[in-house]
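Reviewing the structure listed below.
The values are calculated or read from the model by the stated rules, or taken from the named source; none is laboratory data. All of these numbers come straight from a predicted model, not from anything done at the bench. All Cβ positions, glycine included, derive from the backbone under ideal geometry; neighbour counts span all protein chains shown. For accessibility, only protein heavy atoms count, side chains too; no ligands or nucleic acids. Shrake-Rupley method; radii C 1.70, N 1.55, O 1.52, S 1.80 Å.
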Amino acid sequence: MDEIYIGSKNPAKITAVQSVFTRAKVISEEVPTSVSPQPLSDEETKQGAVNRAVYLITNNKNISLGIGLEGGVIDSEEGMFLCNWGALAVKGGGVYTAGGARIPLPEDIAAKIRAGNELGDVIDQWAEKTDVRKKEGTIGILTAGEITRELMFEHIVRLLYGQWKFSRLRSEK
C-alpha cells in the first residue's frame with residue numbers, strides 16, 4: 001500500500017492516519033461530508049465519515065483506499081456527549097466503520113450547541129484558545145491533555161485498519 005487518502009485537511013486527523021499507516025504516503029483532500037457542520041447524532045456523525053471515505057474512492061479513479069473521520073455530539077437524557085466515527089472505503093471492497101470514545105460535555109458548552117453553535121467555535125471561546133479542533137480537540141481540553149483529538153482518531157483508524165486486515169486475511173483462506 002503506497003498511498004492512503006484521508007478526506008480532511010485537519011492536522012489532527014491527518015496525523016492520526018500517519019500514525020497508523022507509517023509506511024504509506026498519506027494524502028489529504030478536503031471533501032464534502034454532506035451532513036451538517038455540527039453533526040448532532042451518532043447516525044449523522046457516522047454518515048459524515050462514510051461520505052468522506054466513499055467520496056474519495058468514487059471521485060478519483062486512482063484512489064483505492066480512502067478514510068473519513070468525523071466528530072460530533074449526541075444529546076441524551078444523561079447530557080450531551082462527544083462522539084466520533086471513522087470509515088475506511090475500499091474501491092470494490094466495501095466500507096468499514098468504527099466509533100470511538102465518549103465523554104460528557106459541560107452543560108454550559110452543551111447549551112450553546114443546542115442553541116445552534118458549532119462545538120469547535122464554542123470550545124475555542126470556552127477554553128480561550130484558537131483552533132482547538134485542529135490541535136488537542138475538545139477531548140484534549142476536557143481530559144487535561146490525557147487523550148487528544150489525534151489519539152482519539154488514531155484509535156478509530158486502528159480499528160478500521162484492523163477490520164480491513166482481518167477481512168483480507170479471511171479472504172485468503
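Take every pair of alpha-carbon atoms less than 8 Å apart whose residues are at least six positions apart; their mean separation over the length of the chain yields a relative contact order of 21 percent.
How much mean residue ellipticity at 222 nm does the chain get from its helices, if each DSSP H run of length 4 or more adds -39500 (n - 2.57) and you divide by all residues, to the nearest 500 deg cm²/dmol?
Values: 6 runs with 73 residues, N = 173.
Taken over the chain, the calculation gives -13000 deg cm²/dmol.
Overall, the accessible surface of segment 11-167 at a probe of 1.4 angstrom is composed of carbon and sulfur to the extent of 50 percent. State the answer as a single residue: which of Val157, Gly92, Val132 lies farthest towards the positive end of the charge dipole of the chain, with beta carbon charges of +1 for Lys and Arg and -1 for Asp and Glu, about the Cα centre. Of the options given, the answer is Gly92. Here the chain is treated with +1 on each Lys and Arg Cβ and -1 on each Asp and Glu Cβ, and its dipole about the Cα centre works out to around 1020 debye. Of the beta bridges in segment 1-117, as assigned by DSSP with both residues counted there, near 75 percent are antiparallel. Loop-located GluC sites (Glu not before Pro) across segment 138-173 with a Cβ neighbour count of 11 or fewer within 10 Å are Glu146, Glu172, with loop assigned by DSSP. Close amide H pairs (under 5 Å, H built 1.01 Å from N) link Leu65 with Tyr5, Lys91, residues at least 5 positions away or on another chain. Relative to the Cα centre, the charge distribution of segment 77-173, modelled as +1 at Lys and Arg Cβ and -1 at Asp and Glu Cβ, gives a dipole magnitude of about 820 debye. Under 18 Å from the 7 Å Cα→Cβ point of Ser76, by amide nitrogen: which residues of segment 33-47? Only 39-47 fall inside the zone, counting backbone N under 18 Å.
Amide H contacts under 5 Å for Val26: Ile4, restricted to partners 5 or more places along the chain or on a different chain, H placed in the peptide plane at 1.01 Å from N.
Note on segment 46-173: dipole from Cβ charges, positive end direction compared against Thr148, Pro104, Gly68; the farthest Cα belongs to Gly68.
Gain on full extension, evaluated as 0.36 nm per residue between Ile103 and Thr58 minus their Cα-Cα distance, stands at 12.9 nm. Amide hydrogen proximity for Leu105: with H placed 1.01 Å from N in the peptide plane, the residues at 5 or more positions away or on another chain lying under 5 Å are Met80, Phe81, Leu82.
Largest first, the extents of the alpha carbon coordinates of segment 30-79 on the three principal axes equal 45, 16, 13 Å.
The spread of Cα positions in the chain, taken along each principal axis and listed from longest to shortest, comes to 51, 29, 27 Å.
Cross-link pairs exceeding 21 Å in C-alpha to C-alpha distance, out of Lys46/Lys91; Lys13/Lys129; Lys61/Lys134, comprise Lys61/Lys134. Selection among Gly120, Ile6, Ser34 by position relative to the dipole of the chain gives Ile6 as farthest towards the positive end (Cβ unit charges, Cα centre). In the context of the full set of protein chains, residues of the chain present 51 Å² of accessible surface per residue (probe radius 1.4 Å, heavy atoms only).
With every protein chain kept in the model, how would you rank Val73, Val54 by accessible area, 1.4 Å probe, largest at the top?
Values: Val73 0, Val54 50 Å².
The ordering from most to least exposed comes out as Val54, Val73.
Could you calculate the FRET efficiency of Lys9 with Ser34 from 1/(1 + (r/R0)^6), where r is the beta carbon distance between them and R0 is 22 Å, rounded to 0.05? Show your work: numbers first, answer last.
On the way: r = 17 Å, r/R0 = 0.77.
The pair Lys9/Ser34 has a calculated efficiency of 0.80.
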